Amino acid sequence: MIEVILNTLIKTQIPTDFFARDCSEVAKALLGKVIRVNYRMTILSVQIIETEAYYVNEKASHASLGYTKKRRALFMPPGTIYMYYSRAGDSLNVSCLGDGNAVLIKSGIVYQDRYSGHDAIAIMQQLNPPRNGIGHREVKKLCSGQTLLCRSLGLTVPAWDARQFNKNFFISDVDYVPDKISCTPRLGIPCGRDEHLLLRFVDHSHYQYATPSRWKIK
DNA sequence: CCGACGATAGTT
DNA sequence: ACTATCGTCGGT
């Protein structure tokens with residue numbers, strides 16, 4: 001049953017060479033694409049609405065800290081999943097063209113189409129309950145943050161870091177093109193005393209569900 | 001072993 | 001502006 005759906009759905013997967021270009025291009029092109037996760041035989045779907053491009057030579061990037069086993073995925077072929085844990089949550093990245101360059105998936109919105117499991121939303125809410133444990137998160141805000149998105153999809157470092165996308169976790173092209181993309185050159189990720197320029201891309205029509213910009217632009 | 005520190009998220 | 005939260009890293 002689910003296998004049949006997965007076999008059909010996998011045909012919509014973006015090709016690996018999608019990631020074999022400049023990470024800013026990849027970050028922009030990922031907006032509107034849909035993350036698919038087979039979570040215990042239910043397909044969870046989230047449309048990407050916000051990304052950030054991280055270059056190896058930016059001191060704000062993990063790759064700039066150099067190669068370690070932990071960060072090896074950043075130096076693996078384009079399309080390799082890099083996950084890390086920080087601030088009590090997992091984050092999802094994908095390596096791009098050039099050693100150390102990658103894109104961070106920053107936020108998304110729950111996506112429903114004929115492939116999404118009918119109980120997908122209930123499962124995502126269960127995976128990502130409110131901090132105080134009372135009630136449930138608003139569906140629209142389930143994935144409005146890099147760690148919230150991973151939580152809602154059950155994506156973790158041990159399960160996916162340094163792995164390739166496969167039939168249980170991949171990104172679909174849903175033939176959607178953002179009307180308008182905000183590219184926010186963002187100053188202010190603190191790294192010691194320095195400030196660094198980051199490229200943040202947001203699908204403007206879903207701006208309200210992107211992460212609030214906490215860093216001031218000078 | 002221990003303390004500091006996040007590519008955060010939510011509350012005051 | 002403040003802080004819960006926890007894996008990673010670097011210093012003893």
(request) Please go through the range A:111-141 and pick out each residue that is of a type outside the set (D, E, K, R), touching a residue at least 40 places away in the same chain (Cβ under 8 Å) and within 14 Å of DNA strand B (Cβ to nearest atom). (result) A:Met124, A:Leu127
(request) Answer with yes or no whether A:Lys106 is in a strand (DSSP E or B), out of contact with any Leu (no Cβ under 7 Å at 6 or more places or on another chain), away from DNA strand C (no atom under 11 Å from the Cβ) and not β-branched (Val, Ile, Thr). (result) yes
(request) Answer yes or no: is there a residue in the range A:199-214 that is acidic (Asp, Glu), modelled with pLDDT under 95 and in a strand (DSSP E or B). (result) no
(message) Between A:Val46, A:Val94, A:Val26, A:Val37, which is outside any strand (DSSP E or B) and either more than 16 Å from DNA strand C (Cβ to nearest atom) or surrounded by 16 or more Cβ atoms within 10 Å (Cβ to Cβ) (or both)?
(response) A:Val26
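Results for (1) more than 29 Å from A:Tyr176 (Cβ to Cβ); (2) more than 17 Å from the chain's Cα centre (by Cα), shown as yes or no for each residue.
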residue	(1), (2)
A:Ala60	yes, yes
A:Leu74	no, no
A:Pro77	no, yes
A:Arg87	yes, no
A:Asp90	no, no
A:Ile121	no, yes
A:His136	no, yes
(request) Scan the range A:49-80 for residues that are within 12 Å of DNA strand B (Cβ to nearest atom), aliphatic (A, V, I, L, M) and surrounded by 15 or more Cβ atoms within 10 Å (Cβ to Cβ) and jot them down. (result) A:Ala53, A:Val56, A:Ala60, A:Ala63, A:Ala73, A:Leu74
(message) If I filter the range A:182-196 for residues that are among the β-branched types (Val, Ile, Thr) and at pLDDT 95 or above, do I get at least one hit?
(response) no
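The values are calculated or read from the model by the stated rules, or taken from the named source; none is laboratory data. Everything quoted here is computed from the prediction, not taken from an experiment. Note that each Cβ is placed from the backbone with ideal geometry, even for glycine, and that neighbours are counted across all protein chains shown.
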